[in-house]
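The structure appears below as structure tokens.
The values are calculated or read from the model by the stated rules, or taken from the named source; none is laboratory data. Keep in mind it's a predicted model, so treat the numbers as computed, not measured. Heads up, the Cβs are rebuilt from the backbone with ideal geometry, glycines too, and the neighbour counts pull from every protein chain shown. Calculation scope for accessible area: heavy atoms of the full protein, side chains included, ligands and nucleic acids excluded. Shrake-Rupley method; radii C 1.70, N 1.55, O 1.52, S 1.80 Å.
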Amino acid sequence: MNTLPLLRRSLLAFALCAAAVPALAAQPLTIGLIPAEDSQAMIESSRQVLDSLQQQLGMQVKPFVATDYNGVIEALRSKKLDVAYLGPFSYVLASQVAGVEAFAVAVTKKTGQSSYKSVIIARKDSGLARTADLKGRTFAFVDPTSASGHLFPKAGLLQAGQDPDTFFSRVIFSGSHDASILAVANKKVDAAAVADRILASAIAKGQVKQDELEIVWSSSPIPESPMVWRKDLDPALKEKIARALANVKDLPWGDQGVLNGFQPTSDAAYNVVRDTAKVLKLDLRSMK
């Protein structure tokens, strides 16, 4: 029996079936994510966004989580990653050493914005209305590496001639924005630096009352954590990635909430971060 016609028909049928199902590109797109203590939890919290990207791009999307920001930056530098989600300060470092550029920032349904601010708050009944009034008072920052909870407000104070190391009678790091807000509300400290969006959330949840708190200082807009890509990626692929991210809506994205897409950004948007690093004389390589 001549099996050649049967073999040809089988191969033709297989080819037709394969053509009917979109195939993923052989080369995966590797994406680095902001590190967390539990890397699996970080991947899972981003899963729906990654799945959406994979479907739109027609190529496998592989997440990567390092133990710290420097691990993600090194992976970008050695071209083991194509795209990454970095914090503002870690991006500034990556732009210097890893040949990457910011191209998009998340916009959430909750805020509709791609930036936020650091604010210093005090109780209204404290009589504290401006930073000069905080001399000799107790103060809470969030964490040494927090942009809105430490770095930006510290730079703002220094620019006003108020060195936090000597200006306050006592400084603590509370560990979270919510803890700092409650510390002020409960009179554990006189003032604290927090992110405006987290303050708004605490008020909305009824954790604190808006009419009991006073904003005594506010920073310039702080750009959100950017999506970055290697500059040497194929331009056509870059265009597809940017378009796909813009289409990612109604999906959760880490602790930022539900997405309303990613909007374009540029390297220049992070000059405010560079300026802040200069004021603080920061060694960005030590940022985690």
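Worth a mention:
- Hydrodynamic estimate: the Kirkwood radius of the chain over Cα pairs, inserted into Stokes-Einstein at 20 °C and 1.002 mPa s, corresponds to D of 102 µm²/s.
- In a reduced charge model with +1 at each Lys and Arg Cβ and -1 at each Asp and Glu Cβ, the chain shows a dipole moment near 380 debye about its Cα centre.
- Segment 115-222, accessible surface, carbon-and-sulfur percent (1.4 angstrom probe): 46 percent
- Hits among lysines - C-alpha to C-alpha of Lys135 under 16 Å, sequence gap 8 or more where chains match: Lys154
- Local net charge near Lys205, Cβ-Cβ under 14 Å (Lys/Arg +1, Asp/Glu -1): +2
- For Lys117, the residues whose modelled amide H falls within less than 5 Å of its own, excluding neighbours fewer than 5 places apart on the same chain, are Asp196, Arg197, Ile222.
- Where segment 160-278 is the region considered: accessible area per residue in Å², 1.4 Å probe: 50 Å²
- From phi via Karplus (6.51, -1.76, 1.60), per-residue ³J(HN,Hα) for segment 124-141 in Hz, x at Gly/Pro: 5, 7, 7, x, 8, 10, 8, 4, 4, 6, 7, 4, x, 9, 8, 9, 10, 9
- Geometric descriptor of segment 115-222, per residue, is 84 Å³ (volume of the convex hull of the Cα atoms).
- Per residue, the average separation of C-alpha pairs within less than 8 Å and at least 6 apart gives the chain a relative contact order of 26 percent.
- Placing unit charges on the Cβ atoms only, positive for Lys and Arg and negative for Asp and Glu, gives segment 115-222 a dipole magnitude near 100 debye about its Cα centre.
- Of all DSSP beta bridges in the chain, antiparallel share, percent nearest 5: 65 percent
- Sum of -39500 (n - 2.57) over DSSP H runs of 4+, divided by residues of the chain (222 nm, nearest 500): -10500 deg cm²/dmol
- C-alpha long axis of helix 47-57 to longest principal axis of the chain, angle in °: 40 degrees
- Average Cα contact separation per residue, segment 115-222, under 8 Å, 6 or more apart, as relative contact order %: 48 percent
- Which of Phe103, Gly136, Phe173, positive extreme of dipole for the chain (C-beta unit charges): Phe103
- With a 1.4 Å probe rolled over the protein heavy atoms of all chains, the accessible area of Lys209, Lys238 falls in the order Lys209, Lys238, largest first.
- Extending 7 Å from Cα along the Cβ direction at Asn271 and again at Val258 yields two label points whose distance is 3.7 nm.
- Close amide H partners of Ala102, meaning residues 5 or more places away or on another chain with modelled amide H under 5 Å apart, are Asp267.
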